[in-house]
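> My structure is below; once you've seen it, I'll send some questions.
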Amino acid sequence: MALRQVEGLVTSLFQLMGVDLPVPDHTTLSRRCGQLQISRKRHDDKDKDPGSGKPLHIIIDSTGLKIYEAGQWLEEKSGVKSRRQWRKLHIALDADSGDVIAQTLTDHMTSDISQLQPLLDQIDRPIACLTADGAYDGEASYATIRRHSASAVIIIPPHPNSTLSDIHGPPNQRAWHIRMILEQGRLAWQTATDYGIRSRVEATMDRFKSGIGNWLRTRSIDNQKVEI
């Protein structure tokens with residue numbers, strides 16, 4: 001909800017309850033939002049789920065979220081063209097439970113690969129398999145994932161122009177992906193690796209945008225991270 005809507009909702013609730021308490025105005029809510037500490041409770045609480053220590057199958061992806069600023073308001077009112085601004089939401093999804101277990105929010109110029117390490121830093125369980133799209137392809141991504149979980153199966157489609165000469169050192173998982181695609185084609189590779197499971201993270205993005213929206217209502221990046 002927009003901050004003015006939150007202020008109005010709380011005011012009306014207090015009136016209905018007969019509670020004589022002051023309601024912070026929307027500017028106060030905005031100032032405090034950036035410092036709000038949120039504790040995310042997860043379904044994989046070790047005290048409740050004895051199997052929560054098992055390795056995870058992680059799916060990683062990103063999506064764009066709009067920022068509604070004065071430029072867009074002027075564009076709608078007066079037809080003045082303004083530069084669109086976006087934020088990128090990066091998430092790591094537990095393929096089995098459907099839970100979002102890690103997330104970061106950046107500007108639209110930030111690369112997906114640069115957020116791989118921040119996402120993995122939020123995951124304290126071993127990873128059995130990690131699936132992502134071609135935006136994460138590269139030796140640096142494989143090295144980052146191996147540092148977190150040395151035995152993880154990595155399923156990332158190589159760039160279309162990738163060749164085995166791009167592999168430095170002994171053959172690795174990326175070399176296997178490149179070789180199979182060159183020999184059997186990309187569709188056969190997708191079937192063999194169950195790459196279609198990545199649709200689960202895309203469905204999560206769709207649910208987020210259809211239920212919450214694809215606009216960020218707060219203005220500063222710190223407040224937007226709390227909002228997300």
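> Consider segment 198-208. How many of its residues are touching a residue at least 60 places away in the same chain (Cβ under 8 Å) and loosely packed, with under 15 Cβ neighbours inside 10 Å?
The total comes to 1.
> How many residues, within segment 51-85, are modelled with pLDDT under 85 and either in a helix (DSSP H, G or I) or of a type outside the set (D, E, K, R) (or both)?
Kept after step one, since they are modelled with pLDDT under 85, are these residues of segment 51-85: 51-53, 67-85.
Next, from what is left, pick out any that are either in a helix (DSSP H, G or I) or of a type outside the set (D, E, K, R) (or both): 51-53, 67-68, 70-80, 82, 85.
Matching residues across segment 51-85 total 18.
> How many residues, within segment 2-42, are more than 25 Å from residue 102 (Cβ to Cβ) and part of a loop (DSSP other than H, G, I, E, B)?
Number of matching residues: 9.
> Then there's this: Residue pairs, Cβ under 9 Å, 6 or more apart or interchain, first in segment 115-137 and over 14 Å from residue 198 (Cβ atoms) and touching a residue at least 60 places away in the same chain (Cβ under 8 Å), second open to solvent by 10 Å² or more (accessible area, probe 1.4 Å) and of a type in the set (Lys, Arg). List them.
Pairs that qualify, where the first residue is over 14 Å from residue 198 (Cβ atoms) and touching a residue at least 60 places away in the same chain (Cβ under 8 Å) and the partner is open to solvent by 10 Å² or more (accessible area, probe 1.4 Å) and of a type in the set (Lys, Arg), are 125/54; 126/54; 128/54.
> Which one is surrounded by the fewest Cβ atoms within 10 Å (Cβ to Cβ) among residues in segment 209-228 that are assigned to a helix (DSSP H, G or I) and of a type in the set (S, T, N, Q)? Before you say what the answer is, go through the steps one by one.
Going through segment 209-228, the residues assigned to a helix (DSSP H, G or I) turn out to be 209-211, 221-227.
This time we only want the ones that are of a type in the set (S, T, N, Q), so: 210, 223-224.
Working: 210: 9, 223: 21, 224: 19.
Ranking the qualifying residues of segment 209-228, first place goes to 210.
> Here is a follow-up. If you take just the strands (runs of 3 or more DSSP E) that sit entirely in segment 87-196, which of them hold at least 2 residues that are open to solvent by 30 Å² or more (accessible area, probe 1.4 Å)? Write out each step before concluding.
Details: elements: 100-107, 127-132, 153-155.
The qualifying strands (runs of 3 or more DSSP E) are 100-107.
> Restricting segment 166-209 to residues that are at pLDDT below 90 and among the small types (Gly, Ala, Ser), which is farthest from residue 95 (Cα to Cα)?
Filtering segment 166-209 for residues that are at pLDDT below 90 and among the small types (Gly, Ala, Ser), the one farthest from residue 95 (Cα to Cα) comes out as 169.
The values are calculated or read from the model by the stated rules, or taken from the named source; none is laboratory data. From a predicted model like this one, the values you see are computed outputs, not experimental measurements. Glycine gets a Cβ as well: all are built from the backbone with ideal geometry, and neighbour counts include every protein chain shown. We work out accessible area using only protein heavy atoms, side chains counted, and drop any ligands, DNA or RNA first. Shrake-Rupley method; radii C 1.70, N 1.55, O 1.52, S 1.80 Å.
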